[in-house]
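A.B. asks: I have a structure here, written as structure tokens, and I will follow up with some questions on it.
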Amino acid sequence: MNRSGLLRAIQIADFALVEANLFLDSHPNDENALRYYGTYKARLDALTEDYVNRFGPLCARQYAGWNSWKWVETPFPWAPEANA
Amino acid sequence: MWIYEKKLQYPVHIRKPNPKLAMAILSQIGGPDGELGASQRYLSQRYTMPDPAAIGMLTDIGSEELGHLEMVSAIVYQLTRNLSPEQIKAAGFEPYYVDHTTGIYPSSAAGVPFSAKYFQSKGDAVTDLYEDMGAEQKARTTYDNLIRLTDDPDVLDPLRFLREREIVHFQRFGETLSRLMDTLDPRNPYACNPSFDRQ
């Protein structure tokens, strides 16, 4: 996947987790929801690792040993080109 | 402690500037029922909640609202890029422009700066959760109103997403309230303030 496709997949997987998270806050023992959360968490982690290694950090604490501070060298997310 | 992630919760990609529409959408940043007020309401109320489920819900929804604040700011930012003085005048954008240029400043569509008067943190779990349910409905109605004002699909797409989130948050707060009410005396649920009185 290219950068924008990978970012989109991350946004989708992360949103599934936001939904599961809020549901679990008031249903902490729901096994289906816990399983759903686990599935999408694994997917998000794999996508994020791929993204960070290829395109740079999504969080300031993600670091892959680059020789320049990619955090300020990659677009911030309100830029139109970051959403293309 | 907060972690910031360099992505919008949902993409915002607007091709056509529209400063007049941006002024209206500004209310979802700094207006009475906007995302800034929502985030501060929930993040303030969470400290004295007696039920950890409620603390979790307020922390998580409050944090999500900061992400929504970012999305609405991205919408206003993209709607006001590369404006000429002619475009500014034609849109009647001068009052905001003169004080803020195209900077993002939390105020309402009518130009009233954001205020903590827009929310309450009453320190009573039942009261606070009812406030939160009301807040989500007010935010939904505000998005309903904005959606009527445009037919630009680039703008409608994120607005519709944000509107849907308000409906889901309303549902979640309702469930949180229901869980809380189950812990209170059904014959006299207002006998004490579960956030304050010693049980």
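Every number here is computed from the coordinates shown, using simple stated rules; none is lab data. Please read these numbers as outputs of a predicted model, since none were measured by experiment. So basically every Cβ, Gly included, is an ideal-geometry build from the backbone, and we count neighbours across all protein chains shown.
A.B. asks: What are the residues in the stretch B:101-111 that are closer than 12 Å to B:Gly30 by Cβ and part of a loop (DSSP other than H, G, I, E, B), if any?
C.D. replies: Going through the stretch B:101-111, the residues closer than 12 Å to B:Gly30 by Cβ turn out to be B:104-111.
Hits for the stretch B:101-111 are B:Ile104, B:Tyr105, B:Pro106, B:Ser108, B:Ala109, B:Ala110, B:Gly111.
Residue by residue, here is whether (1) crowded, with 23+ Cβ neighbours inside 10 Å; (2) more than 8 Å from every other protein chain (Cβ to nearest Cβ); (3) under 23 Å from B:Tyr118 (Cα atoms); (4) not charged (D, E, K, R) holds:
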position: B:Lys7; (1), (2), (3), (4): no, no, no, no
position: B:Pro11; (1), (2), (3), (4): no, no, no, yes
position: B:Leu21; (1), (2), (3), (4): no, yes, yes, yes
position: B:Leu43; (1), (2), (3), (4): no, yes, yes, yes
position: B:Gly67; (1), (2), (3), (4): no, yes, yes, yes
position: B:Ile75; (1), (2), (3), (4): yes, yes, yes, yes
position: B:Asn82; (1), (2), (3), (4): no, yes, no, yes
position: B:Pro85; (1), (2), (3), (4): no, yes, no, yes
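Yes or no, residue by residue, for (1) crowded, with 21+ Cβ neighbours inside 10 Å; (2) more than 22 Å from B:Thr80 (Cβ to Cβ):
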| position | (1), (2) |
| --- | --- |
| B:Leu129 | yes, yes |
| B:Asp132 | yes, yes |
| B:Ile147 | no, no |
| B:Ile167 | no, yes |
| B:Thr176 | yes, yes |
| B:Tyr190 | no, yes |
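A.B. asks: Take the conditions surrounded by 14 or more Cβ atoms within 10 Å (Cβ to Cβ) and either within 14 Å of chain B (Cβ to nearest Cβ) or not in a loop (DSSP other than H, G, I, E, B) (or both) and apply them to A:Asp14. Does it pass? I'd like the intermediate steps shown before the answer.
C.D. replies: On the way: surrounded by 14 or more Cβ atoms within 10 Å (Cβ to Cβ): yes; either within 14 Å of chain B (Cβ to nearest Cβ) or not in a loop (DSSP other than H, G, I, E, B) (or both): yes.
Yes: the conditions hold for A:Asp14.
A.B. asks: Can I ask one more? State yes or no: is B:Leu26 of a type in the set (A, V, I, L, M) and either more than 7 Å from chain A (Cβ to nearest Cβ) or surrounded by fewer than 17 Cβ atoms within 10 Å (Cβ to Cβ) (or both)?
C.D. replies: The answer is yes for B:Leu26.
A.B. asks: Can you tell me which residue is nearest to A:Glu81 (Cα to Cα) among those in the stretch B:1-56 that are under 19 Å from the mean Cα position of the chain (by Cα) and among the aromatic types (Phe, Trp, Tyr)?
C.D. replies: So, considering only residues that are under 19 Å from the mean Cα position of the chain (by Cα) and among the aromatic types (Phe, Trp, Tyr), the one nearest to A:Glu81 (Cα to Cα) is B:Tyr10.
A.B. asks: Quick check on the stretch B:98-115. Is at least one of its residues aromatic (Phe, Trp, Tyr), out of contact with any strand residue (DSSP E or B) (no Cβ under 9 Å at 6 or more places or on another chain) and touching a residue at least 12 places away in the same chain (Cβ under 8 Å)? Give the derivation first.
C.D. replies: Our first condition is that a residue be aromatic (Phe, Trp, Tyr); within the stretch B:98-115, this holds for B:105, B:114.
Still in the running and out of contact with any strand residue (DSSP E or B) (no Cβ under 9 Å at 6 or more places or on another chain): none.
Within the stretch B:98-115 (the criterion being aromatic (Phe, Trp, Tyr), out of contact with any strand residue (DSSP E or B) (no Cβ under 9 Å at 6 or more places or on another chain) and touching a residue at least 12 places away in the same chain (Cβ under 8 Å)), the answer is no, since none of the residues qualifies.
A.B. asks: While we're on this one: Pick from the stretch B:112-124 the residues that are among the small types (Gly, Ala, Ser) and within 17 Å of the chain's Cα centre (by Cα): which of them is farthest from B:Leu69 (Cα to Cα)?
C.D. replies: B:Ser121
Rundown of residues vs (1) of a type outside the set (Gly, Ala, Ser); (2) under 26 Å from B:Ile25 (Cα atoms), yes/no style:
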{"residue": "B:Asp99", "(1), (2)": "yes, yes"}
{"residue": "B:Pro113", "(1), (2)": "yes, yes"}
{"residue": "B:Ala125", "(1), (2)": "no, no"}
{"residue": "B:Asp157", "(1), (2)": "yes, yes"}
{"residue": "B:Leu162", "(1), (2)": "yes, yes"}
{"residue": "B:His169", "(1), (2)": "yes, yes"}
{"residue": "B:Asp182", "(1), (2)": "yes, no"}
{"residue": "B:Phe196", "(1), (2)": "yes, no"}
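A.B. asks: Ok, one more. I'd like the residue in the stretch A:18-67 that is of a type in the set (A, V, I, L, M) and under 10 Å from the mean Cα position of the chain (by Cα) and, out of all such residues, is nearest to the other protein chains (Cβ to nearest Cβ).
C.D. replies: A:Leu58
One line per residue, one yes/no per condition, for (1) among the aromatic types (Phe, Trp, Tyr); (2) in a helix (DSSP H, G or I):
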{"site": "A:Leu6", "(1), (2)": "no, yes"}
{"site": "A:Ile10", "(1), (2)": "no, yes"}
{"site": "A:Asp25", "(1), (2)": "no, yes"}
{"site": "A:Gly38", "(1), (2)": "no, yes"}
{"site": "A:Tyr51", "(1), (2)": "yes, yes"}
{"site": "A:Trp66", "(1), (2)": "yes, no"}
{"site": "A:Thr74", "(1), (2)": "no, no"}
{"site": "A:Trp78", "(1), (2)": "yes, no"}
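A.B. asks: Pairs please, first residue from the stretch B:120-147 and on the phi > 0 side of the Ramachandran plot, second anywhere and crowded, with 17+ Cβ neighbours inside 10 Å and part of a helix (DSSP H, G or I), Cβ atoms under 6 Å, 6+ apart in sequence or on different chains.
C.D. replies: If the second residue must be crowded, with 17+ Cβ neighbours inside 10 Å and part of a helix (DSSP H, G or I), the pairs left are B:Gly123/B:Thr48.
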